[in-house]
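Let me begin by handing over the structure; questions about it come next.
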Amino acid sequence: MIYADNAATTRMSPGAVEAMTACMRERWGNPSSLYGFGQDAAEALGSARERVAACIGAQPREILFTSGGSEADNQALLSAAALGERRGKRHIISTAFEHHAVLHTLKKLEQKGFEVELLPVGPLGQVTADQVERAIREDTCLVSVMYANNEIGSVMPVAEIGQVCREKGVLFHTDAVQAAGHLPIDVKAQGIDLLSLSAHKFHGPKGVGALYARKGVALTGLIQGGGQEWGKRAGTENLPAIVGMAAALEESCAHMEENGRKTATLRNQLIAGLSKIPHSALNGDPVHRLPGNVNFCFEGVEGESLLLLLDDLGICASSGSACTSGSLEPSHVLLAIGRPHEVAHGSLRLTLGEDNTQQEVEEILKAVPQVVARLRDMSPLWEDKVEGKRAFLI
Ligand SMILES: *Cc1c(COP(=O)(O)O)cnc(C)c1O
């Protein structure tokens, strides 16, 4: 099997598995218990918090553990909205191509009377600090712009946006789920007030993540109950997962440069090879791009069919994102960068990681053109285009 869907999830690193199993075997006490055995668990929790904080330039007290990226996104936005509301500020700026954890939360806030402005992201899937600055108003309480897009891999100028927000006194949240462990994060230098991350996108376990909230930014709890996480996230901590996340993040950050270089080399080969397919187009920013992301539209093919045929050849890929597969709607991200519906339906996302090899890339480069050609041969629409009865779109 060739696994090329690292934006959906990643294989757990052996170090993270080891840290988790050791924790389950030996440190299964409740961190809230006062006896020594419970305090051992509390110590492991504190150490994990320190290590996660250190990886993004935060203080341990600024890290809240959550059930993943989605919960962190929900809590960040709802907290910032609550703070805004208290000061009579109900305008929120975000972008059209955020993850659904952000977009659907914003929909809820809209229903509660907030005004949500989604900035257009242009053909490359980019948002500029200038755009953000022009959109900020007196009553803006939050700017939420993702660090890197999960479908097309575009990386946003987060530090510049953070600086604008700081100057204007507006809270800045970034969904850094695709960036954490892959791109450098320094919340202080980048002017970030709230940041979401998720362990399973950097070789940690699923179902655990973290929300960074700058000191002074009060969080609203989504789950009521015990006093864990300073009363901002009730429920006994998932200590093994938290410990596994800390190990995975430390490891990813320690090898970030070499992994990024290796992955980007493979990515570039894949992009160069797939670009040779006629009537294809790369989606996302060719330069400011996640090291492992490859995303193409192939005219005249249907993304789902493409995936199934690649699966037959042992290649795990995705069209859009894992969350939208199974729905017939084309990706909101591809529509946001201006791809027509018909073209957006023919998308393929291949996301590489440091485990992938040169040989795998060569196999993918053999398989995809064949499969695309086969699907086009079967398509009456394609025949019309070839015969000039219909126009090519790309
Ligand atoms: C995966 C992902 C999420 C959701 O994270 P979970 O831990 O799966 O809830 C949020 N935002 C982005 C950009 C993602 O890629």
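The values are calculated or read from the model by the stated rules, or taken from the named source; none is laboratory data. These numbers come from a predicted model, not from an experiment. Note: ideal-geometry Cβ built from the backbone for every residue, glycine included; neighbour counts use all protein chains shown.
Restricting to the stretch 179-204, and then to whatever is within 20 Å of the chain's Cα centre (by Cα) and among the small types (Gly, Ala, Ser), can you tell me which residue is farthest from the ligand (Cβ to nearest atom)?
191
When you look at residue 71, is it assigned to a helix (DSSP H, G or I), crowded, with 23+ Cβ neighbours inside 10 Å and not aliphatic (A, V, I, L, M), yes or no?
yes
What number of residues within the stretch 114-152 satisfy the criterion of being under 22 Å from the mean Cα position of the chain (by Cα) and touching a residue at least 60 places away in the same chain (Cβ under 8 Å)?
14
All but one of (1) over 15 Å from the mean Cα position of the chain (by Cα); (2) surrounded by 24 or more Cβ atoms within 10 Å (Cβ to Cβ); (3) not charged (D, E, K, R) hold for residue 218; state the number of the condition that does not hold.
(2)
Can you report the number of residues in the stretch 79-107 which are touching a residue at least 60 places away in the same chain (Cβ under 8 Å), away from the ligand (no atom under 12 Å from the Cβ) and farther than 18 Å from residue 169 by Cα?
1
Under 9 Å between Cβ atoms, at least 6 apart or on separate chains: pull out the pairs that start in the stretch 153-171 with a residue that is at pLDDT 95 or above and end on any residue that is among the basic types (Lys, Arg).
Listed by first residue and then by second, the contacts come to 153/267; 153/289; 153/349; 154/289; 155/289; 170/89; 171/214.
Residues are listed down the side, and each one gets a yes or a no for (1) of a type in the set (Gly, Ala, Ser); (2) surrounded by fewer than 17 Cβ atoms within 10 Å (Cβ to Cβ); (3) in a loop (DSSP other than H, G, I, E, B):
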| site | (1), (2), (3) |
| --- | --- |
| 179 | yes, no, yes |
| 189 | yes, yes, yes |
| 196 | yes, no, no |
| 210 | yes, no, no |
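Still on this structure, I have one more. Looking only at the stretch 254-284, filter to residues that are within 20 Å of the chain's Cα centre (by Cα) and buried (at least 22 other Cβ atoms within 10 Å of the Cβ); which one of those is nearest to residue 349 (Cα to Cα)?
283
Could you say which residue among 221, 207 is small (Gly, Ala, Ser) and more than 10 Å from the ligand (Cβ to nearest atom)?
Among 221, 207, only 221 is small (Gly, Ala, Ser) and more than 10 Å from the ligand (Cβ to nearest atom).
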